[in-house]
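Right, one structure below, let's go through it.
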Amino acid sequence: MLPLHRRVLVVSSLARIQPEGIALALVLWCAERDVPRLAGLLLAATTFPQLVTGPLMGRALDRAARPATTAALAAGLSAAACACLVVADLRPGPSIVAAAVLAVSTPVLTGGLSSLVMGWSEDHAGLAAWDSTGYNAAGLAAPVMVTVAALWRPPVAIAALGVASLAVVIALVAVGVPRQPGPEPADRHPARVRDALATIVGSPSLRAVTIGTTLLSAGLGGLELALAAAVTARGLPVERAGVLVTVIAVGALAGSIALTRRSIPLPAATMTLVAVGATGLTVIALAVSPWWAMVALAAVLGLLDAPLLVGTYRARTEASPPAVRAGVFTLAASAKLGAGSLGALAVATIVAHGSATAGLVLIGATALLGATLAASQHINPDTEAHTS
């Protein structure tokens, strides 16, 4: 059996390839067909329903006797949805329906899986760092896979993401995932979605982190669209957007690996909010930079993702009891993804009117707003109830 950190790395990385690659794959495919507005609709279809499906899947994980089996089923559903997208061939109706199916599986493969991983040992900082590394390894592999496949045919990229989801099913069985207990037999009424919501609302750190990361995601939901428009406005091929996404992923992976060796001496929520604000400033700088500077800023953007993820995972784990932890993770992840879908629609509208710079500025300003509102929650980690 693999050591724990390697099991975390394998499962986390494979599970995130489809969620990390689907947006870029859809953007490049729609760009090839010259239907950018359809890209915004498809991105919204894959994310907005998660406002409902995410909390429901989180509750299912909290109640499951074998959460890893539930995660494997979600991965299989993700693979099936990717296959349906390829078959639909960008026909709006069927494509939107197929994209919406991903909204059921994605919360489990992102926030839900992280909640499972964080229960595999008491070393929450170490688990968060390794889970973040797996997440960002996928963040690197996915855009490379998508960009290379899209040079041949964009539908091939969608199919490759589906194959990666199938690999998750195999990994969850093969690497020996620690079994987690489900609800005790005497517990006839397991935690509900509103219990997870009450936990977030009642915790200053969770409340602040959720506000900050949700508004950040509202902007970043349209990042691929904005980058594609920005490079096109500079007279460069649209595939350069894939280069920038890949550079972001390289920076994120490097940052995550660094955090597995040395932690940042900041409270979890503080680390998250500093990263949110710095991300906003970096995206605004991207809007007004030449190509060579865009590449350097993309690397910085990636580096900021590591403390953002690690701080978020730690804050959610330290401030939520085990009985509602999966619900807290998926509810917060769903809020982020739902906000991201609205951001994708907003950026798609701006891009459709030829305002590439305005798209990036809007993303950065939204992140700064999130950091400001979250900081107003007056986090005091020393008085936070640590229930993990």
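Every read-out reported here was derived from the displayed coordinates using simple, explicitly stated rules and does not represent laboratory data. Everything numeric here is computed off the predicted structure, so don't read it as measured data. Reconstructed Cβ throughout: ideal geometry from the backbone, glycine too, with neighbour counts over all protein chains shown.
Can you give the calculated 222 nm mean residue ellipticity of the chain, where each DSSP H run of n ≥ 4 adds -39,500 (n - 2.57) and the sum is split over every residue, rounded to the nearest 500 deg cm²/dmol?
-27000 deg cm²/dmol, from helical runs alone.
If I model a spin label at residue 123 and residue 281 as a point 7 Å from the Cα along the Cα→Cβ vector, what separation in nanometres do I get?
Here the answer is 3.4 nm between the modelled labels.
Starting from the Cα of residue 372, step 7 Å along the direction of its Cβ; do the same at residue 266; then give the gap between the two resulting points in nm.
1.9 nm
For residue 33 and residue 257, compute 0.36 nm times the residue count separating them, minus their Cα-Cα distance, and round to one decimal in nm.
That works out to 76.8 nm of additional length.
Apply the Debye scattering formula to the chain, with a single equal point scatterer on each alpha-carbon and no solvent, then give log10 I(q)/I(0) at q = 0.09, 0.11 Å⁻¹.
Here log10 of I(q) over I(0) equals -0.45, -0.69.
Along Cα→Cβ, 7 Å out, is where each label goes; now give me the distance between the ones at residue 148 and residue 163 in nm to one decimal.
So the label points at residue 148 and residue 163 sit 1.0 nm apart.
Enumerate the calculated ³J(HN,Hα) couplings along region 286-302 in order (Karplus 6.51 cos²θ - 1.76 cosθ + 1.60, θ = phi - 60°), each rounded to whole Hz, writing x wherever the residue is Gly or Pro.
4, 5, 10, 9, x, 4, 4, 6, 4, 5, 5, 5, 4, 5, 5, 4, x
Suppose R0 equals 41 Å. What FRET efficiency, 1/(1 + (r/R0)^6) with r the Cβ-Cβ distance, do residue 291 and residue 170 give to the nearest 0.05?
So the FRET efficiency works out to roughly 0.55.
Amide H neighbours of residue 355 under 5 Å, at least 5 residues apart or on other chains, H built in the peptide plane: list them.
When sequence neighbours closer than 5 places are left aside, there are no close amide H contacts.
Multiplying the sequence separation of residue 365 and residue 65 by 0.36 nm and subtracting their Cα-Cα distance, what value in nm do you get?
Answer, rounded to one decimal: 103.7 nm.
Specify which residue in the list 117, 368, 221 is farthest towards the positive end of the charge dipole of the chain, using unit charges on the beta carbon of Lys, Arg (+1) and Asp, Glu (-1), about the Cα centre.
So the residue furthest toward the plus end is 117.
What number, in nm² with one decimal, is the all-direction average of the projected area of the convex hull of the alpha-carbon atoms of region 1-77?
6.6 nm²
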